[in-house]
Amino acid sequence: MNSTHAEDQEILTLMGEERTLDRGFRKLMDKYQERLYWHIRRMVLSHEDADDILQNTLVKVYRNFTQFEQKSSLFTWLYRIATNETLTFLEKSKKWQTDSVDPAKEHPAIMHLASDEYFDGDHLSLMLEAAILTLPPKQRQVFKLRYYEEMSYQDMSDVLETSEGSLKASYHHAVKKIEEYIKSKST
């Protein structure tokens, strides 16, 4: 049994009992809060939005823990909740709809990212984010999970409830579109 599995088992055991629920939740937050934050942040770009979504995610995890059936790993369940909360936020705010906007024309999300005190990227990083914004939402999500999170296709399949083949195709198309975008802006 590896240490991650053992830690997750301890969290599950603690959260499974009323008297140790809070202690288990603190352990869960210690282990996963930062990873969840950056997963969300890569999808919304704004620190404030990511923080709000993370809080909503953690509240949902706390309130619905008894519904976790352990058919997947704790990590997968948490990422699925964070992903769904983020997609709900994006749909409500319509921040994901960039089809009619060319990120090269100083898209507000890119301008916000460039001025964000938490962003320490260079021009190429900004160009990559602009290229990612041109992707359809599903490709954007798959690209970010694979590229930034270095998530396996199996884990992505569990989180997104999509076949590995579909995810591989989506990632391949995303990479091609990003390459084309960067080449077109670099010449």
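Scanning the stretch 159-180 for residues that are assigned to a helix (DSSP H, G or I), crowded, with 18+ Cβ neighbours inside 10 Å and either under 14 Å from the mean Cα position of the chain (by Cα) or assigned by TED's automatic domain parsing to the domain that holds Ala82 (or both) turns up at least one hit. Considering the stretch 141-155, the residues that are assigned to a helix (DSSP H, G or I) and at pLDDT below 90 include one that is farthest from Ile81 (Cα to Cα), namely Tyr147. Candidates are the residues of the stretch 1-13 that are of a type outside the set (Asp, Glu) and in contact with a Leu (Cβ under 7 Å, 6 or more places away or on another chain); the one that is nearest to Gln70 (Cα to Cα) is Leu12.
The values are calculated or read from the model by the stated rules, or taken from the named source; none is laboratory data. Fair warning: this is a prediction, and the values are worked out from it, not measured in the lab. Cβ: placed from backbone, ideal geometry, glycine included. Neighbour counts: every protein chain shown.
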